[in-house]
Amino acid sequence: MSTVPPSVCCQFCREPLTRTLVDLGKTPLSNSYLAAKDLDRPEGHFPLHTRVCGKCRLVQVEAAATPAEIFGHYAYFSSYSTSWVDHARRFSELARARWGLNEASKVVEVASNDGYLLRHFVAAGVPVLGVEPAANVAESARAAGVETDVAFFGLETAQRLKNAGHAADLLVGNNVFAHVPDINDFTAGLACLLKPDGVLSLEFPHLLRLIEDVQFDTIYHEHFSYLSLLTTERIFAAHGLRVFDVAELPTHGGSLRVMACLAASTAHPERPGLAKVRLDEERARLDQDEGYEGFAPKVTAVCADLQAFLRQAQAEGRTVAAYGAAAKGNTLLNCCGITAEQIICVVDRNPHKQGCFMPGSRIPIHAPEKLTELKPDYVLILPWNIKDEITAQMAEVRGWGGQFVIAIPSLTLLP
Ligand SMILES: [Zn+2]
């Protein structure tokens, strides 16, 4: 795997980067799950140094690998998360009502995954096009009746699709904006593919929640940008886009859904939701250095607490397993130096991950049924953002006296 030299300039505005948010050291790529045959080979470790631009305030991680290396065999299938599928269905209902979408409209989704969202528009008779870089995931979408173009999205792809008649009335990007290695090319593509009065709807984790809730485990190599509304408005403005509305969502521990249109469109007046989020970010001083100072020591404290908990469990002869082989779990486990001696296994519903091993920590991944067999004393929930869904699904854990634990924002034994 090629190693790209550390970038010293902001991905968006090209200002030299001199400020650190937190340096998480060197770790393997979060989504590079290992097969049993890979275990005797060394893994590549890449720096996970998060910086904040002093000019535009984009929080960012340098690119450690090429997009093809990161996303070529992407093991994430959106439809394996029940709460995310429900979220998608509600969004499609809301969007069809709000923007009056019908059989004459076109909905395009960038990073459309396995068609978890667009299938709801298809069912309602609204024409769609998905754009998805991972061929195996796109194949699942097509099998579900969602027309899908296999491509990385950027200006070149947008121009090709526009020429092919795919200009969008509604252009959606859920949890992709933060993952693009070239945010300028990507945003230029979004602006290109919109119809003159079309609506762009992007969802991404809110930087304000990351900072206030110590969500450092959402930092990983595949996640290049950590966005506030403030910086998003700057990036959009540079590419002829104007944000006219924003909603705060509970997904991924606190996300923003930003709605934008072409700067020249008069069809979309600014909505009141914008002022509230702008004010929240101003109060958190996200446009000043102070907004970012003090984060790193909080990360150190979270790691120390988890390590102490695992040491104590081991001393008392209690077993600990984990739930959810998600990217964020890998950041937490690897930053804390945790191995299979401390956490016996991770269980996950996604069959593509079962039988593999977590990168770095090399903890084996099994189907959730494995917990019934092992009956661990503690189950550490790695995707803490869906802890309610997991504790409900795995209610039997409490039946054998097991306890659920989360590590973020602070170590908590769930009642
Ligand atoms: Zn910048």
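Taking one quarter of the surface of the C-alpha convex hull of the chain gives a mean projected area of 19.9 nm².
Derived scalar couplings between HN and Hα for the stretch 31-47 equal 9, 8, 5, 9, 7, 4, 5, 8, 5, 8, 9, x, 9, x, 10, 10, x Hz in order, rounded to whole Hz, by the Karplus curve 6.51 cos²θ - 1.76 cosθ + 1.60 (θ = phi - 60°), x for Gly and Pro. For GLU62, the residues whose modelled amide H falls within less than 5 Å of its own, excluding neighbours fewer than 5 places apart on the same chain, are HIS49. Averaging the Cα positions of each part gives two centres, and for the stretch 6-37 and the stretch 338-374 these lie 25 Å apart.
Dipole size in debye (nearest 20) for the stretch 295-413 around its Cα centre, Lys and Arg Cβ +1, Asp and Glu Cβ -1?
Numbers: 11 positive and 10 negative charges, 44 e Å.
The calculated dipole for the stretch 295-413 is roughly 220 debye.
Placing unit charges on C-beta atoms (Lys and Arg positive, Asp and Glu negative, everything else neutral), compute the dipole magnitude of the stretch 139-190 about its Cα centre in debye, rounded to 20.
Values: 3 positive and 7 negative charges, 14 e Å.
Its charge dipole is roughly 60 debye.
Which of VAL22, THR339, SER92 sits closest to the plus end of the dipole of the chain, meaning its Cα is farthest towards the positive end, when Lys and Arg get +1 and Asp and Glu get -1 on the C-beta? With unit charges placed on the Cβ atoms, the residue in question is SER92.
Take the residue pairs LYS106/LYS162; LYS55/LYS298; LYS328/LYS387; LYS195/LYS276; LYS26/LYS328 and return only those whose Cα atoms are more than 21 Å apart.
Details: LYS106/LYS162 11 Å; LYS55/LYS298 24 Å; LYS328/LYS387 14 Å; LYS195/LYS276 28 Å; LYS26/LYS328 15 Å.
Result: LYS55/LYS298; LYS195/LYS276 exceed 21 Å.
With a simple spin-label model that places each label point 7 Å from the Cα along the Cα-to-Cβ direction, the separation between GLU93 and ALA267 comes to 2.5 nm.
Amide H contacts for ALA322 (H built 1.01 Å from N in the peptide plane; partners 5 or more residues away or on another chain; cut-off under 5 Å): CYS345, VAL346, VAL347, LEU380.
Each residue of the stretch 140-154 is assigned a 3J(HN,Hα), and the resulting list reads 4, 5, 4, 4, 8, x, 9, 4, 9, 9, 8, 6, 7, 8, x Hz, derived from the Karplus form 6.51 cos²θ - 1.76 cosθ + 1.60 (θ = phi - 60°), x at Gly and Pro.
When Rg and the Kirkwood Rh are both derived from Cα coordinates, the Rg/Rh ratio for the stretch 78-284 amounts to 0.94. The accessible surface of the chain, taken with every protein chain in place and a 1.4 Å probe, is 54 percent carbon and sulfur. Ordering HIS268, ALA313, ALA284 by Cα displacement along the dipole of the chain toward the positive end leaves HIS268 in first place; charges were set at the Cβ atoms of Lys, Arg (+1) and Asp, Glu (-1). Extension gain for LYS298 to LEU279 (0.36 nm times residue separation, less C-alpha to C-alpha distance): 4.4 nm. For the chain, a simple Cβ point-charge model (Lys and Arg +1, Asp and Glu -1, everything else neutral) yields a dipole of about 200 debye relative to the Cα centre. Axis of helix 295-315 versus longest Cα principal axis of the chain: the two differ by about 30°, to the nearest ten degrees. Scalar couplings 3J(HN,Hα) for the stretch 239-247, obtained by applying the Karplus form with A = 6.51, B = -1.76, C = 1.60 to θ = phi - 60°, are 10, x, 10, 10, 6, 10, 7, 8, 10 Hz; x denotes Gly and Pro.
Annotation: the antiparallel percentage among DSSP beta bridges lying fully within the stretch 78-284 is about 45.
Order the peptides 264-274, 153-163 from the highest to the lowest mean number of other Cβ atoms within 10 Å of their residues.
Working: 264-274: 12.1, 153-163: 18.1.
Top of the packing list down: 153-163, 264-274.
Hydrodynamic radius of the stretch 295-413 by the Kirkwood approach over all distinct alpha-carbon pairs: 14.2 Å.
The values are calculated or read from the model by the stated rules, or taken from the named source; none is laboratory data. Values in this document were obtained by computation on a predicted structure and should not be read as measured data. Cβ atoms come from the backbone with ideal geometry, glycine included; neighbour counts cover every protein chain shown. When the accessible area is computed, the model is the full protein with side chains, heavy atoms only, and any ligands, DNA or RNA have been set aside. Shrake-Rupley method; radii C 1.70, N 1.55, O 1.52, S 1.80 Å.
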